[in-house]
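**Q** The following block contains the structure, expressed as structure tokens.
The values are calculated or read from the model by the stated rules, or taken from the named source; none is laboratory data. Small disclaimer: the values here were computed from a predicted structure and weren't measured. Cβ sites come from the backbone with ideal geometry, for glycine too, and all protein chains shown count toward neighbours. Remember, those area values only see protein heavy atoms, side chains included, never the ligands or the DNA or RNA. Shrake-Rupley method; radii C 1.70, N 1.55, O 1.52, S 1.80 Å.
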Amino acid sequence: QVQLVESGGGLVQPGGSLKLSCAASGSIFGITAMGWYRQTPGKDRDLVAVSPAGDTAIYTDSVKGRFTISRDNAKNTVYLQMNSLRPEDTAVYYCKVSTVIGNYWGQGTQVTVSS
């Protein structure tokens, strides 16, 4: 059974930084991509950033230059460094791991940007 455990969310002031982590454990193999999505109440879950295996990371336009996705393949862990945070970045952030046999989601971690 595969489990994704997220950490690093919280409350931060505008302009501040947070780093999210997502560690995958269990019988996971054939990872094709690791990424982050976010969701606010009443809206769809949207892509923030994705790191395809062996390819360049992709970011949604609103976070380009502020967020950086990285991964530690040996630990099956993906990170999201978030800088220059804005109130509109407030959301529940979910990690997603895509494999050759299916997709797995984390439980979500709340990020609130407010003064």
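**Q** Hey, can you find the accessible area per residue of region 39-113 for me, probe 1.4 Å, expressed in square angstrom?
**A** 53
**Q** If R0 is 25 Å, what FRET efficiency do you get for Leu47 and Ser115 from their C-beta distance, rounded to 0.05?
**A** The pair Leu47/Ser115 has a calculated efficiency of 0.35.
**Q** With charges only on Cβ, +1 for K and R and -1 for D and E, what is the dipole size of the chain about its Cα centre, in debye, rounded to 20?
**A** 100
**Q** Continuing with the same structure: If the cut-off is 23 Å between C-alpha atoms, which lysines fall inside it for Lys19, apart from same-chain ones fewer than 8 positions away?
**A** Here the lysines satisfying the reach criterion relative to Lys19 are Lys64, Lys75, Lys96.
**Q** Once the piece of chain linking Ser27 and Val5 is laid out straight, how much longer is it, given 0.36 nm per residue of separation minus the C-alpha distance between them?
**A** Taking Ser27 through Val5 to full extension adds about 6.5 nm, to one decimal.
**Q** Compute the convex hull volume of the Cα atoms of the chain, divide it by the residue count, and report the result per residue in Å³ as a whole number.
**A** 95
**Q** Based on the alpha carbon coordinates of region 22-69, what radius of gyration and maximum Cα-Cα distance (Dmax) apply, in Å?
**A** Over region 22-69's Cα set, Rg and Dmax evaluate to 12.6, 34 Å.
**Q** Would you please put 33-41, 56-64 in order of how densely packed they are, using the mean number of other Cβ atoms within 10 angstrom per residue and starting with the highest?
**A** Per-residue mean Cβ counts within 10 Å order the peptides as 33-41, 56-64.
**Q** For the chain, which whole-number percentage of the solvent-accessible area (1.4 Å probe, protein heavy atoms only) is attributable to carbon and sulfur atoms?
**A** 47
**Q** If I model a spin label at Arg86 and Ser70 as a point 7 Å from the Cα along the Cα→Cβ vector, what separation in nanometres do I get?
**A** Taking the simple label geometry, Arg86 and Ser70 are separated by 2.4 nm.
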